[in-house]
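The values are calculated or read from the model by the stated rules, or taken from the named source; none is laboratory data. Here the structure is a predicted model, which is why all the values come from computation and not from measurement. Neighbour counts are summed over all protein chains in view; Cβ atoms, including those assigned to glycine, are modelled from backbone coordinates with ideal geometry. Surface accessibility is based on the protein's heavy atoms, side chains included, excluding ligands, DNA and RNA. Shrake-Rupley method; radii C 1.70, N 1.55, O 1.52, S 1.80 Å.
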Amino acid sequence: MTIIVTGGAGFIGSNFIFHMMKAHPDYRIVCIDKLTYAGNLSTLESVMDDPDFRFVRLDICDREGVDKLFAEEKPDIVVNFAAESHVDRSIEDPGVFLQTNIIGTATLMDACRKYGIKRYHQVSTDEVYGDLPLDRPDLFFTESTPLHTSSPYSSSKAGADLLVLAYHRTYGLPVTISRCSNNYGPYHFPEKLIPLTIINALADKPLPVYGKGENVRDWLYVEDHCKAIDLIIHNGRVGEVYNVGGHNEMRNIDIVKLICKELGKPESLITFVADRKGHDMRYAIDPTKIHSELGWLPETKFADGIVKTVRWYLDNRSWWEPIVSGEYRDYYEKMYGNRK
Ligand code: NAD
Ligand code: TYD
């Protein structure tokens, strides 16, 4: 079994590669990643020399390159994590989000049609459903909630989801989609709330909280997301969407306070800043379908996952310090220069 994992030098993709190499030691994993600012080749250092692993620096929008790789590798499964993933950046500069998240998805699926594939899996997000009001805790996103996006990021992900479903209906491409809530855990890029808060707190820097910090996210430990995708690509029904979430809703301000407590840092570091434009209030997933069809349940409780995550950042300064200083860009060149 050969699996192409796109975006594997990023946060969730790298965790997925580690999970798959452990859970399915007989599989061949081919990671393709453009190595944008969010991709970090050093994350994959531990698997780089494994004979069952191959890394290829490639843009998923590069039709010729993607075709060539598919011809060489004849993959059975493609799991597409590659994306521009940061909402704030999409507000500043939407163009690259449309390019990678929509055109890149279509390019990959065209190669899947051309070379044949057992499964194309699209890693999507609960943000395609828009947001829920704070005063209706009874409401959750189900797979039939209409798509109703807020940001250029979520709109580009919704556009990709619609294309994936269209390729299934029009061409019979065997697809599945997972729509997951906010992930946290090791290798999370320090521009996102949890790693940014940990790293700033360690340096006694201000902890920026948007608006009043009342926005709610449904946090899931990254390994639980990886296990869900593993189940879906093997046992999920073709043409179906699966919501993935942990029934773990937390307000941003409470997350930031918890991290302060965990690190023994004062809450006075918290700095309320101007709100994000179009800021979604609340995300909350109903994961009934993946539980009843595939038996998936989150295994890591937030109280344990956040302690593990804080500990990981304390123990792995060598991973994030070069990111914060910008040195990790040189690492790409050094590492990649040898592999051309
Ligand atoms: P990330 O930003 O950490 O990683 C994205 C990776 O994709 C990087 O390695 C980057 O180099 C690569 N990439 C970007 N553009 C590319 C291109 N054109 N060609 C090839 N590679 C490219 O993102 P993440 O947080 O790991 O998210 C992975 C996927 O999961 C995304 O599709 C995202 O929408 C989805 N998702 C993320 C979350 C979350 O909480 N982080 C939640 C639900 C869904
Ligand atoms: P983020 O990690 O960017 O994920 P997403 O926007 O995909 O949910 O942000 C999580 C929440 O934290 C979101 O409500 C925005 C907020 N936030 C802050 O308050 N301060 C920050 O510095 C960041 C990056 C995010």
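Of all DSSP beta bridges in region 180-313, what percent run antiparallel (nearest 5)?
Numbers: 3 of 11 bridges.
That works out to approximately 25 percent antiparallel.
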One would report the antiparallel percent of DSSP beta bridges in the chain, rounded to the nearest 5, as 10 percent
Cα→Cβ-extended label distance, 7 Å offset, between GLU262 and ARG63, nm: 4.6 nm
Solvent-free Debye scattering, log10 I(q)/I(0), computed from the Cα coordinates of region 1-77 at q = 0.12, 0.18, 0.22, 0.24 Å⁻¹: -0.29, -0.66, -0.99, -1.16
Given the DSSP H assignment, sum -39500 (n - 2.57) over each helix run of at least 4 residues in the chain and divide by its residue total; what's the result at 222 nm in deg cm²/dmol, nearest 500? -12500 deg cm²/dmol
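At 1.306 mPa s and 10 °C, plugging the Kirkwood radius over alpha-carbon pairs of region 191-340 into Stokes-Einstein gives what diffusion coefficient in µm²/s?
Values: Rh = 17.7 Å.
Result for D is 90 µm²/s.
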Return the tail of the calculated pair distribution for region 69-188, meaning the percent of Cα-Cα pairs more than 24 Å apart. 32 percent
Largest first and in whole Å, give the semi-axes of the chain's equivalent ellipsoid, each being the square root of 5 times a Cα gyration tensor eigenvalue. 30, 24, 19
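For a 19 Å ceiling on Cα separation, which of these pairs sit above it: LYS192/LYS212; LYS205/LYS265; LYS22/LYS192?
Values: LYS192/LYS212 17 Å; LYS205/LYS265 10 Å; LYS22/LYS192 27 Å.
Correct reply: LYS22/LYS192.
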In what sequence, highest mean first, do 39-48, 296-305 appear when ranked by Cβ atoms within 10 angstrom? 39-48, 296-305
Which percent of the accessible area of region 176-253 is formed by carbon and sulfur heavy atoms (probe 1.4 angstrom)? 49 percent
For ALA203 and HIS148, what is the calculated FRET efficiency with R₀ set at 35 Å and r taken between the beta-carbons, to the nearest 0.05? 0.35
Choice from ASP88, ASP50, ASP286 showing the highest fluctuation, given a GNM over the chain with Cα pairs closer than 10 Å: ASP50
Most mobile listed residue (HIS188, HIS225, HIS24) in the chain, GNM with C-alpha springs under 10 Å: HIS24
Can you list the residues of region 245-267 with backbone N under 15 Å from a point 7 Å past the Cα of MET281, pointing along Cα to Cβ? 251-252
With labels modelled as points extended 7 Å from the Cα through the Cβ direction, what inter-label distance (nm, one decimal) is found for PHE272 paired with SER292? 4.2 nm
Could you provide, to the nearest whole Å², the per residue accessible area of the chain with probe 1.4 Å? 42 Å²
Evaluate the Kirkwood expression for the hydrodynamic radius of region 1-160, namely the inverse of the mean inverse distance over all pairs of different C-alpha atoms, and round to one decimal in Å. 16.5 Å
